[in-house]
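The values are calculated or read from the model by the stated rules, or taken from the named source; none is laboratory data. The model shown is predicted, which means the values in this text are computed figures rather than measured ones. Positions of Cβ are generated from backbone atoms using ideal geometry, with glycine treated the same way; all protein chains shown enter the neighbour counts. Each accessible area value is taken on the protein alone, full model and side chains, heavy atoms only, with ligands, DNA and RNA left out. Shrake-Rupley method; radii C 1.70, N 1.55, O 1.52, S 1.80 Å.
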Amino acid sequence: MANWFVAAKKADFNKIAEEFEISPVLARLIRNRDVCGEEEIRKYLHGGIEDLYAPQRLKGMEQAVTVVKKAIAEKQKIRVIGDYDIDGVCATYILVRSFQSLGADVDMAIPHRIKDGYGLNDHLIEQAAEDGIELIVTCDNGIAAADQIELAHKLGMQVVVTDHHEVPFTESGTAGEREYHLPPAEAVVDPKQPGETYPFPGICGAVVAYKLVQALGIGRELLDALLEPAAFATVGDVMELKDENRIIVKEGLKRMRNTFHPGLRALIEVNKLDRRKLEAYHIGFVLGPCVNASGRLESAALSLKLWLEEDYRKAVPMAAELKSLNDSRKEMTEAGVRQAVRLLERETEKEYTDTVNVQVSDTENQERQKNAVEELSSDKQDKVLILYLPDCHESLAGIIAGRIRERYHKPTIVLTDAEEGVKGSGRSIEAYDMFAHLSACKDLFDKFGGHKMAAGLSLPRENMGELRRQLNENCSLTEDDFTTKVHIDIALPLSRVSEGFIQELELLAPFGTGNPKPVFAQKDVLLCSGRIFGKNRNVAKFQALDQEKLGHTLVYFGDVEGLEKFLREKYGEDAGRLFSGEKVSLPLTITYYPNLNEYKGRREIEFVITNYC
């Protein structure tokens with residue numbers, strides 16, 4: 001079940017509407033997103049490139065520019081070391097492409113997810129030394145790599161860290177005071193470091209990289225083009241679309257809709273998208289997962305190669321391969337989610353244990369894994385869900401954790417076997433700071449990192465049970481924290497929605513984390529008839545009447561089976577008649593978002609159901 005809340009934030013909506021030539025409803029929606037004051041509203045509605053913050057405001061930027069410029073001028077060998085996800089790939093591309101434009105002797109390396117793990121490691125540092133590298137520049141990693149940076153110094157190399165992750169810390173004293181540990185690099189640029197005064201610290205690694213090359217003084221044309229990967233990474237790394245991020249994504253999408261970038265054009269084409277209508281949604285749920293797929297299942301080198309490719313004909317087969325990898329990833333993810341749900345629901349524990357036993361032949365290891373499964377088998381009553389899926393591809397652990405988190409609305413960590421010990425990924429809920437809670441038991445880990453809402457970790461197999469125990473014993477979440485909350489912007493009758501209003505709502509785009517689509521509500525819409533369609537029967541379409549007896553078209557995407565079950569439990573046989581073509585009248589209270597559906601030259605307002613009760 002979910003709790004529904006209608007926003008009640010106050011402002012002079014008529015005055016705002018008059019000043020900015022918008023409707024009072026839109027003024028209310030903007031206020032609901034905590035955008036207040038004339039300047040902030042102006043930037044929200046009409047902000048552009050000129051409103052981005054100067055890169056020099058980032059702590060450590062001056063030192064980073066000095067070190068990089070000196071290395072370029074002296075023709076030192078530079079290596080950019082990124083990460084294997086969207087953010088790391090885009091950040092690496094931004095730095096390499098920009099350094100090349102400045103005449104640098106530069107190459108790149110991205111860790112292999114399974115062989116190397118996340119971020120800098122001793123192997124990457126030693127390899128750089130063997131290759132004669134004199135300066136390493138990290139992107140989307142490095143803030144937690146103090147030991148590796150010390151090794152680089154011993155081997156005669158300098159290091160510049162550009163990152164956006166949380167700085168490692170230890171807590172001391174009864175007050176839990178935090179002591180932060182910055183790596184001993186020549187320069188550290190990370191908006192989350194202590195003493196940072198940058199106005200908006202919520203930028204991704206690719207934007208930090210973008211800020212660095214902007215400060216280095218690359219050409220205006222290239223800087224403009226690099227807004228595309230910066231925006232792509234901002235959406236793909238699930239950054240909040242507020243303040244500077246929202247401007248970057250809005251401006252980046254404008255350019256992507258007319259992109260000249262061969263790799264991006266190819267990726268859009270193979271996914272059969274109309275680039276003129278490209279939205280943040282397509283990056284987050286179609287294109288971004290393709291870029292991530294190579295780093296998950298093979299090597300991120302293919303995704304980086306696609307970004308670097310300048311020949312469209314060569315880019316198309318690369319993009320097609322990424323799409324194919326992502327299709328395989330989706331199938332593997334679905335299988336992992338089903339296994340996780342069965343385990344949590346205690347439906348087939350014996351089958352699960354048998355699956356674990358197949359993974360090893362050594363009797364002692366087999367018994368150890370079986371005991372670990374029994375100890376770690378969180379059921380849905382645990383406050384923090386720990387799932388041990390030993391046969392799961394480790395790159396999918398985070399996706400599966402996210403899906404389980406959505407289903408049960410609880411912090412979730414998925415652990416899987418690695419070459420040494422186990423690895424895991426966690427996804428959290430708003431009320432639970434996962435990074436802080438993992439920091440409290442950091443002695444259990446070989447390595448860990450992340451932020452409030454997500455984390456990655458590795459640990460010895462024998463520590464898994466203790467991890468589950470400590471996280472649950474030290475968890476103060478209440479039942480209210482586990483209840484999904486539906487925040488409604490406005491209770492708005494369907495009849496109040498017009499084509500002009502729908503077009504006005506586009507002023508609020510791009511939508512995503514931190515700037516969600518508006519949520520409207522209508523009580524007791526009367527469902528008159530309906531049909532279910534789609535390859536997986538995951539779309540329901542209804543003809544309905546509102547309280548003024550005006551007809552409307554409603555659409556629901558997602559768990560149609562759950563909606564059917566809800567209607568049958570509430571209305572019995574009448575619910576069956578709803579989908580049989582008979583006329584019925586079933587009241588349903590909904591939240592919705594209006595769309596303009598264009599088909600064969602015909603335009604129709606559709607109301608997309610987002611929640612119901």
Qualifying positions in segment 15-30 - within 17 Å of VAL497 (Cα to Cα) and in a loop (DSSP other than H, G, I, E, B): ILE22, SER23
Residue selected from segment 10-43 under the condition among the basic types (Lys, Arg) and in contact with an Asp or Glu (Cβ under 8 Å, 6 or more places away or on another chain), by the criterion surrounded by the fewest Cβ atoms within 10 Å (Cβ to Cβ): LYS43
Out of all the residues in segment 561-595, which are closer than 18 Å to PRO493 by Cβ, of a type in the set (A, V, I, L, M, F, W, C) and within 30 Å of the chain's Cα centre (by Cα)? ILE590
In segment 551-587, what residues are aromatic (Phe, Trp, Tyr), within 15 Å of SER529 (Cβ to Cβ) and modelled with pLDDT of 90 or more? TYR556, TYR571
Check off (1) crowded, with 20+ Cβ neighbours inside 10 Å; (2) in contact with a Leu (Cβ under 8 Å, 6 or more places away or on another chain); (3) under 25 Å from GLY217 (Cβ atoms) for LEU135 and give me the number that stays unchecked. (2)
Return the residue satisfying two criteria in turn: it lies in segment 143-160 and is without any contact (Cβ under 8 Å) to a residue 40 or more places away in the chain and open to solvent by less than 10 Å² (accessible area, probe 1.4 Å), and of such residues it is nearest to HIS437 (Cα to Cα). ALA145
Residue hits (segment 309-328; of a type in the set (Gly, Ala, Ser) and either surrounded by fewer than 19 Cβ atoms within 10 Å (Cβ to Cβ) or touching a Ser or Thr at 6+ places or on another chain (Cβ under 9 Å) (or both)) are ALA320, SER324, SER328
Within segment 173-186, residues open to solvent by less than 60 Å² (accessible area, probe 1.4 Å) and touching an Asp or Glu at 6+ places or on another chain (Cβ under 8 Å) come out as PRO184
Being open to solvent by less than 10 Å² (accessible area, probe 1.4 Å), at pLDDT 95 or above and either closer than 30 Å to TYR408 by Cβ or touching a Ser or Thr at 6+ places or on another chain (Cβ under 7 Å) (or both) narrows VAL68, VAL89, VAL96 down to just VAL89
So if I check each of LYS272, LYS314, which one is more than 30 Å from ASN595 (Cα to Cα) and either acidic (Asp, Glu) or modelled with pLDDT of 95 or more (or both)? LYS314
Give me the residue from segment 544-581 that is in a helix (DSSP H, G or I) and of a type in the set (A, V, I, L, M, F, W, C) and, out of that set, surrounded by the fewest Cβ atoms within 10 Å (Cβ to Cβ). PHE566
Can you confirm whether PRO510 is within 21 Å of LEU29 (Cα to Cα), out of contact with any strand residue (DSSP E or B) (no Cβ under 7 Å at 6 or more places or on another chain) and assigned to a loop (DSSP other than H, G, I, E, B)? yes
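Conditions tested, residue by residue: (1) within 21 Å of TYR408 (Cα to Cα); (2) at pLDDT below 95; (3) out of contact with any strand residue (DSSP E or B) (no Cβ under 9 Å at 6 or more places or on another chain); (4) of a type outside the set (Lys, Arg).
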| position | (1), (2), (3), (4) |
| --- | --- |
| ALA431 | yes, yes, yes, yes |
| LEU457 | no, yes, no, yes |
| MET464 | no, yes, no, yes |
| LEU467 | yes, yes, no, yes |
| ASN474 | yes, yes, yes, yes |
Checking GLU166 against (1) under 19 Å from ASP237 (Cα atoms); (2) at pLDDT 95 or above; (3) open to solvent by 10 Å² or more (accessible area, probe 1.4 Å), which single condition isn't satisfied? (2)
Please work out if THR333 is of a type in the set (Val, Ile, Thr), modelled with pLDDT under 70 and part of a helix (DSSP H, G or I). no
Residues that are within 29 Å of the chain's Cα centre (by Cα), at pLDDT 95 or above, under 26 Å from LEU322 (Cβ atoms) and not small (Gly, Ala, Ser): does segment 106-117 have at least one? yes
Counted residues in segment 45-61 being farther than 24 Å from ASP224 by Cβ and open to solvent by 30 Å² or more (accessible area, probe 1.4 Å) come to 1
Here the residues within segment 419-442 that are under 22 Å from the mean Cα position of the chain (by Cα) and among the charged types (D, E, K, R) are LYS423, ARG427, GLU430, ASP433
Segment 443-454 - residue that is open to solvent by 50 Å² or more (accessible area, probe 1.4 Å) and modelled with pLDDT of 90 or more and, of those, farthest from the chain's Cα centre (by Cα): ASP443
For the structure I just gave you, tell me whether ILE404 is buried (at least 16 other Cβ atoms within 10 Å of the Cβ), at pLDDT 90 or above and either on the phi > 0 side of the Ramachandran plot or out of contact with any Pro (no Cβ under 8 Å at 6 or more places or on another chain) (or both). yes
In segment 407-435, how many residues are in a helix (DSSP H, G or I) and open to solvent by less than 20 Å² (accessible area, probe 1.4 Å)? 2
Would you mind finding the one in VAL207, VAL238 that is in a loop (DSSP other than H, G, I, E, B) and either closer than 21 Å to GLY295 by Cβ or not small (Gly, Ala, Ser) (or both)? VAL238
